[in-house]
Amino acid sequence: MKVYHGSTNIVKSPNLSILNYRTDFGKGFYTTVDFEQAKRWSKIKRERVERFQNSDKVHQYVNVYEYILDDSLKVLSFDGSTKEWLEFVYKNRESNELIHKYDIVIGPVANDNLYQVLVNYENGVYDVEETIKRLKTYVLSNQISFHTQESLKCLKYIETIEIGVDKNG
């Protein structure tokens with residue numbers, strides 16, 4: 001299966017040591033089966049780099065891989081925005097450490113559009129049931145995250161596609 005990684009870099013060999021914690025599924029290399037989602041990720045990353053480095057010469061790329069599952073790996077898969085998914089995402093976003101022992105995690109993206117819903121859950125405004133109800137109104141893209149060196153062996157680099165940058169949006 002083809003998977004895509006949006007970035008400001010060409011990434012032929014993903015490196016887990018340079019990635020951030022406090023993401024949906026913890027420190028890992030994130031991909032998606034949705035090319036448009038990968039383009040959005042590359043745009044978000046470009047905008048962050050431009051803002052923090054005060055540079056307007058940042059590129060956007062979508063790196064393409066073939067994903068071949070290794071049955072010996074520990075995989076956690078969420079089927080939609082469930083209570084278990086919400087609690088898992090919440091714990092990962094709060095932690096500076098990897099809080100699970102999975103090689104690969106698959107599930108919906110808790111993107112920036114959902115931020116206020118998650119903040120309301122965190123602050124106790126919404127309970128779990130209300131949060132899930134509200135999350136189900138969003139069309140959520142998927143993500144596949146790779147958390148160990150062994151899991152990265154499931155990815156075979158195919159190509160990198162440079163995305164044209166439209167500074168107006």
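A short reminder: the numbers here are calculations on the coordinates, not readings from a lab. These figures come from a predicted structure and were not determined experimentally.
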Checklist outcome for this item: Per-residue ellipticity at 222 nm attributable to helices in the chain (runs of n ≥ 4 DSSP H, -39500 (n - 2.57) apiece, nearest 500 deg cm²/dmol) works out to -9000 deg cm²/dmol
Next on the checklist: To check you understand DSSP bridge types, tell me what percent of the beta bridges within the chain (both residues inside) are antiparallel, rounded to 5.
Outcome noted: 90
